[in-house]
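The values are calculated or read from the model by the stated rules, or taken from the named source; none is laboratory data. Just so you know, these numbers come straight off a predicted model, no measurement behind them. We place every Cβ from the backbone using ideal geometry, glycine too, and count neighbours over all the protein chains shown. We work out accessible area using only protein heavy atoms, side chains counted, and drop any ligands, DNA or RNA first. Shrake-Rupley method; radii C 1.70, N 1.55, O 1.52, S 1.80 Å.
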Amino acid sequence: MKKLFSLLFVTLLLSGCFNNEPTLTPLEIQSMQSRSYEADQGVVFASVVSVFQDLGYVIKDADATSGFISAESSTKSDAATQIFLGIAKMEQTLATAYVEPIGNRTSVRVNFVESIRSSSTYGQSDREDRPILDVNLYQNAFERIENAIFIRS
């Protein structure tokens, strides 16, 4: 009986260590988040800003000189949790882009992060940021950027 309990305990302990999410290498992540275009940096930069706005993001910072763009979505909150448990939970998506000229092309790297903040009536707060690694999200964004570049060219 003691051996059975020990075996069950070890099995449960190890099962909690396994992650069902696919693990991507840094190179795979970079490949998913990056595209290169045959267009002027100014055109690509304006296109990325425009696409972020089209997707519902608010531009927080956009510096054409450095090529860095920072944006965030509107915040969603869970009112039921706040009313019944006294915990406010807010979710939003943060987005950044880096636009840089490389030779006669312009490279864009886009990054989306899910940010979840919570706070309680007792003043305790927490924040969890998770990278969004959904290839369809990035493909959609880059298709829109490509269309915006085409319209501006």
(message) Just the residues that are on the phi < 0 side of the Ramachandran plot and open to solvent by 60 Å² or more (accessible area, probe 1.4 Å), please, taken from the stretch 101-122.
(response) PRO101, ILE102, ASN104, ARG105, ARG109, ARG117, THR121, TYR122
(request) Taking the options PHE150, PHE112, PHE45, name whichever one is of a type in the set (Phe, Trp, Tyr) and closer than 30 Å to THR23 by Cβ. (result) PHE112
(message) I'd like to know if the stretch 80-95 contains one or more residues that are part of a loop (DSSP other than H, G, I, E, B) and either open to solvent by less than 30 Å² (accessible area, probe 1.4 Å) or farther than 20 Å from GLN33 by Cα (or both).
(response) yes
(message) Given the condition within 14 Å of ALA46 (Cα to Cα) and of a type in the set (A, V, I, L, M, F, W, C), answer yes or no: does some residue in the stretch 122-140 qualify?
(response) no
(message) So if I check each of ILE59, ILE102, which one is touching a Phe, Trp or Tyr at 6+ places or on another chain (Cβ under 8 Å) and of a type in the set (Val, Ile, Thr)?
(response) ILE59
(message) I'd like to check something: does the stretch 102-111 contain any residue that is farther than 24 Å from GLN41 by Cβ and assigned to a loop (DSSP other than H, G, I, E, B)?
(response) no
(message) Residues to consider are SER47, SER66; find the one that is open to solvent by less than 80 Å² (accessible area, probe 1.4 Å), at pLDDT 95 or above, over 18 Å from ASN147 (Cα atoms) and not in a strand (DSSP E or B).
(response) SER66
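So that you can scan it fast, the table gives a plain yes or no per residue for (1) among the hydroxyl-bearing types (Ser, Thr, Tyr); (2) more than 23 Å from PRO101 (Cβ to Cβ); (3) touching a residue at least 40 places away in the same chain (Cβ under 8 Å):
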residue	(1), (2), (3)
THR25	yes, yes, no
ILE29	no, no, yes
TYR37	yes, no, yes
GLN41	no, no, yes
PHE45	no, no, yes
ILE59	no, no, no
(request) Say whether the condition of being in contact (Cβ under 8 Å) with a residue 12 or more places away in the chain, part of a strand (DSSP E or B), over 23 Å from ILE29 (Cα atoms) and open to solvent by less than 70 Å² (accessible area, probe 1.4 Å) is met by at least one residue in the stretch 126-148. (result) no
